[in-house]
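The values are calculated or read from the model by the stated rules, or taken from the named source; none is laboratory data. The shown structure was predicted, so the numbers you read here are calculated from the model rather than taken from an experiment. Neighbour counts are summed over all protein chains in view; Cβ atoms, including those assigned to glycine, are modelled from backbone coordinates with ideal geometry. We work out accessible area using only protein heavy atoms, side chains counted, and drop any ligands, DNA or RNA first. Shrake-Rupley method; radii C 1.70, N 1.55, O 1.52, S 1.80 Å.
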Amino acid sequence: MTDVTVEKRAFKSELQQILNLITHSLYSHKEIFLRELISNASDAIDKIRFNSLQNEHLVEGNRDWRIKLSADKAVGTLTVSDNGIGMSREDIIENLGTIARSGTRAFLDSLKQADAAVRPELIGQFGVGFYSAFMVADQVTVISRAAGEAQGVRWQSDGLGEYTVEPAEKPERGTEVILRLKAEEKEFLEPWRLRTIVKQFSDFIEHPIVMDVEKTEGETKTVAEETLNSRKALWLRSKADVTAEEHNAFYRQIANAFDDPVKVIHYAAEGMLDFKALLYIPKTKGFDLQFAEAKVGPKLYINRVQIMDHCEQLLPPYLRFVKGVVDCSDLPLNVSREVIQHSPLLEKIQKSLVKNVLAALEELKTSDYDTYVGVFGELGGILKEGLARDWDHRTQIADLLLFQSLKTEAGKFTTLAQYREAMPADQTDIYYLAGEQRSALEHSPSLEVFRHRGWDVLLLTDPIDEFVFPSLADYKGMALKAADREAPELPAEELKKTEEASGVFAPLLQALKGTLSELKDIRLSRRLKESAACLVADEGDLSPNMERLLQKMGRADAMGLGGPAQRILELNPDHPAVQALFQLHQADPGDARIGTYAHLLHDEAVLAEGSKLPDPSAFAKRINELIAKDAARS
Ligand code: ADP
């Protein structure tokens, strides 16, 4: 075997970059290296404990689970050891020599951009924690023996580009990480310092984190093992017994967060299904949610034994921002993770969690509205996905949404319930308009008729709105309609007036269709009050905003769209410009100006909907001609 020689290997290049970045950008939070090593040790113990449920022999009788910190002042090393699952030679090369994970680039980019305060969060969330050891050590040695293997392995590196691997003696299963501390980092050998860091970052780790401490009583010196963490399983305690401080500290630990949650959901379900849930709604989106690779979902325990760090099946994707723990005693402990993941019990737990999370959000909205506004600003975009994905709860989700509308002041919001409440007697449907910015939406000609009638329109500016709102066909029996597709029904006398006008204008409209042949239709408008013209999408066609979004996403082709959908041009028969055009056409249908004016009306409608003119120079030319003519007249 080649194993007998010491082998020198180079880190993958991105890893080198990560090492440089970690060592240089996190110097103000160096102590988190210990949190990362302890959390790796704890994961390793969870893994062997879980495997042992089916393969008892793997444990070799060594199940006194513990994570040990040993500081050796004489040689200047700090060792973190565990009796977890250990690593084989292949594992060690795979885990500590390469970063195969796809999130590496994303990690590097966000680390560069993030400000100093949030950098430590990134480390834990992207799974590069081990390397943070090089913030405080100039040499790291890992000695490990994997469960079920006879031979141990020794890995060593100074973090500068190369590492060595060689066989090693290791009597006990598990892993030892030995840090040769840099001269200026010797504080991490002090028991008080280690104690404080463990208390701050790793207090709720379930396995004991121990350290040998010297005690002097009178003349005699003794060495005693001290457990540094409190190991409290908060979720098993009754709700009233857990303080806000404990919740905050626990949340920070499981969410890799540095702030406090806005809402705690803590309950025990009893009866058909027994489980305990302790969930937290965070204040912000956090970095983990911004990347597709992020692992989401609460931790899953079975009777205090952690089965999964992230169990996706416990919550639907639109609640992926929720952190926490679920401990269920009804799930079978001795089956594989895959079997558990497909257990119908998880579905039942999910139902209960969804109900409670949505209720907690509703409660927050009612009891602490200002905080809710902030939280919704962060998480609302994710929550909205539920409108399209969770049919059963869509009304409840809809009730949690905050909207800007024609009638809200800037920075203030309305809800669907409030909108409905304030509707005038002659309004039967809910209207919304989606676009990029409130300021542009407010000036949309589509809204003129709504303003005129005193009807409010919801202004949707989140890109996801266009995708999810069509799924919400109604709210409590009231239809939701896009204001740029569907105009309100006119009162009878106005309807009669427009029908008459349509007859009178028919020859002009016919002529314009010849000039603007790229349009789907040209008709008189029922929605314009001030503007002369606007473009509308036909029912079933994509809205202009949706088209722009898809183009931005590079998806227009994927959706089978050759170019933009054909639009309908609507003209306002009461507008002086349209009336002048009408007169011109009546006097002489062959008048060359009709074509020019028709193009100008169309261009103006394109600009009003927030789209780009297909031919800006032609537009400029037409305007310039008009100016020249008008100026020559006076
Ligand atoms: P993460 O823990 O987020 O995956 P790390 O860089 O901290 O990222 O660790 C990389 C991998 O190395 C871990 O996923 C794990 O497989 C392995 N590893 C690290 N520390 C230990 C340990 N003490 N025991 C067993 N495996 C470990």
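With Ile307, Ile349 as the choices, which residue is buried (at least 20 other Cβ atoms within 10 Å of the Cβ), among the hydrophobic types (A, V, I, L, M, F, W, C), assigned by TED's automatic domain parsing to the domain that holds Ala244 and not in a strand (DSSP E or B)? Spell out how you get there, then give the answer.
Details: Ile307 fails: not in a strand (DSSP E or B).
None of the other options fit; the residue is Ile349.
Within 14 Å of the ligand (Cβ to nearest atom), more than 23 Å from Glu176 (Cβ to Cβ), at pLDDT below 90 and part of a helix (DSSP H, G or I), is that true of Glu14? Explain how you work it out, then say what you get.
On the way: within 14 Å of the ligand (Cβ to nearest atom): yes; more than 23 Å from Glu176 (Cβ to Cβ): yes; at pLDDT below 90: yes; part of a helix (DSSP H, G or I): yes.
Judged against the criteria, Glu14 is a match.
For the stretch 180-223, enumerate the residues that are under 30 Å from Phe50 (Cα atoms) and either among the charged types (D, E, K, R) or in the same structural domain as Asp260 (by TED's automatic domain parsing) (or both).
Passing the criteria: Arg195, Lys199, Asp203, Glu206, Asp212.
When you scan the stretch 71-80, how many residues do you find that are buried (at least 16 other Cβ atoms within 10 Å of the Cβ) and either over 35 Å from the mean Cα position of the chain (by Cα) or part of a helix (DSSP H, G or I) (or both)? Give the steps one after another, and end with the answer.
Taking the stretch 71-80 as the starting set, the residues that turn out to be buried (at least 16 other Cβ atoms within 10 Å of the Cβ) are 71, 76-80.
Then drop every residue that is not either over 35 Å from the mean Cα position of the chain (by Cα) or part of a helix (DSSP H, G or I) (or both), which leaves 71, 76-79.
Looking only at that region, the number is 5.
Need the failing condition index for Asp288 against (1) surrounded by fewer than 22 Cβ atoms within 10 Å (Cβ to Cβ); (2) closer than 23 Å to Val373 by Cα, just the number.
(1)
Kindly indicate the residue of the stretch 130-145 that is within 8 Å of the ligand (Cβ to nearest atom) and not in a helix (DSSP H, G or I) and also farthest from Val165 (Cα to Cα) among those meeting that condition.
Among those residues, the one meeting the criterion is Ser144.
Just one of (1) within 16 Å of Gly324 (Cα to Cα); (2) among the acidic types (Asp, Glu); (3) open to solvent by less than 70 Å² (accessible area, probe 1.4 Å) trips up Glu226, so point out which.
(1)
Here's the yes/no breakdown for (1) touching a residue at least 24 places away in the same chain (Cβ under 8 Å); (2) over 21 Å from the mean Cα position of the chain (by Cα):
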| residue | (1), (2) |
| --- | --- |
| Thr366 | no, yes |
| Thr371 | yes, no |
| Ile397 | yes, no |
| Ser405 | yes, yes |
| Glu409 | no, yes |
| Phe413 | yes, yes |
| Glu421 | no, yes |
| Ala425 | no, yes |
| Glu436 | yes, no |
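In the stretch 81-91, which residues are touching a helix residue (DSSP H, G or I) at 6+ places or on another chain (Cβ under 6 Å) and either in a strand (DSSP E or B) or open to solvent by 20 Å² or more (accessible area, probe 1.4 Å) (or both)?
Here is the first cut: in the stretch 81-91, the ones touching a helix residue (DSSP H, G or I) at 6+ places or on another chain (Cβ under 6 Å) are 82, 84-85.
Selection gives Asp82, Ile85.
Within the bounds of the stretch 583-595, is there any residue that is touching a residue at least 24 places away in the same chain (Cβ under 8 Å), crowded, with 16+ Cβ neighbours inside 10 Å and assigned to a helix (DSSP H, G or I)?
Yes, that holds for at least one residue.
Sort through Glu162, Glu219, Glu214 and tell me the only one that's away from the ligand (no atom under 15 Å from the Cβ), within 30 Å of Gln253 (Cβ to Cβ) and surrounded by fewer than 16 Cβ atoms within 10 Å (Cβ to Cβ). Write out each step before concluding.
Values: Glu162 fails: within 30 Å of Gln253 (Cβ to Cβ); Glu219 fails: within 30 Å of Gln253 (Cβ to Cβ).
Going through Glu162, Glu219, Glu214 in turn, just one is away from the ligand (no atom under 15 Å from the Cβ), within 30 Å of Gln253 (Cβ to Cβ) and surrounded by fewer than 16 Cβ atoms within 10 Å (Cβ to Cβ): Glu214.
For residues that are assigned to a strand (DSSP E or B) and either acidic (Asp, Glu) or open to solvent by less than 10 Å² (accessible area, probe 1.4 Å) (or both), tally how many sit in the stretch 433-478. Break it down stepwise before answering.
First, the residues of the stretch 433-478 that are assigned to a strand (DSSP E or B): 433-434, 458-460, 474-475, 478.
Cutting the leftovers down to either acidic (Asp, Glu) or open to solvent by less than 10 Å² (accessible area, probe 1.4 Å) (or both) gives us 433, 458-460, 474-475.
Counting residues in the stretch 433-478 that are assigned to a strand (DSSP E or B) and either acidic (Asp, Glu) or open to solvent by less than 10 Å² (accessible area, probe 1.4 Å) (or both) gives 6.
Output yes when any residue across the stretch 479-489 is in contact with a Cys (Cβ under 8 Å, 6 or more places away or on another chain), open to solvent by less than 20 Å² (accessible area, probe 1.4 Å) and in contact (Cβ under 8 Å) with a residue 12 or more places away in the chain, and no when none is. Let's see the steps before the verdict.
The first filter runs over the stretch 479-489 and keeps only residues in contact with a Cys (Cβ under 8 Å, 6 or more places away or on another chain), leaving none.
Scanning the stretch 479-489, I find no residue that is in contact with a Cys (Cβ under 8 Å, 6 or more places away or on another chain), open to solvent by less than 20 Å² (accessible area, probe 1.4 Å) and in contact (Cβ under 8 Å) with a residue 12 or more places away in the chain, so the answer is no.
Can we say Gly324 is in a loop (DSSP other than H, G, I, E, B) and modelled with pLDDT of 90 or more?
No: the conditions fail for Gly324.
Can you tell me which residue within the stretch 36-57, out of those that are open to solvent by less than 30 Å² (accessible area, probe 1.4 Å) and farther than 23 Å from Tyr163 by Cβ, is farthest from the ligand (Cβ to nearest atom)? Talk me through it step by step, then tell me what you get.
Going through the stretch 36-57, the residues open to solvent by less than 30 Å² (accessible area, probe 1.4 Å) turn out to be 36-38, 41-42, 44-46, 48-50, 52.
Within this subset, residues satisfying the condition of being farther than 23 Å from Tyr163 by Cβ are 42, 45-46, 48-50, 52.
Details: Ser42: 9, Ile45: 8, Asp46: 10, Ile48: 9, Arg49: 13, Phe50: 13, Ser52: 15 Å.
If we take residues in the stretch 36-57 being open to solvent by less than 30 Å² (accessible area, probe 1.4 Å) and farther than 23 Å from Tyr163 by Cβ, then Ser52 is farthest from the ligand (Cβ to nearest atom).
Could you check the stretch 243-268 and list, in sequence order, the residues that are among the small types (Gly, Ala, Ser) and open to solvent by 50 Å² or more (accessible area, probe 1.4 Å)? Spell out how you get there, then give the answer.
Let us first name the residues in the stretch 243-268 that are among the small types (Gly, Ala, Ser), namely 244, 249, 255, 257, 268.
Hits for the stretch 243-268 are Ala244, Ala268.
Can you pull out every residue in the stretch 58-70 that is within 15 Å of the ligand (Cβ to nearest atom) and outside any helix (DSSP H, G or I)?
The answer is Asn62, Trp65, Arg66, Ile67, Lys68, Leu69, Ser70.
Assess whether Gly271 counts as being assigned by TED's automatic domain parsing to the domain that holds Ala359, surrounded by fewer than 22 Cβ atoms within 10 Å (Cβ to Cβ) and not in a helix (DSSP H, G or I).
yes
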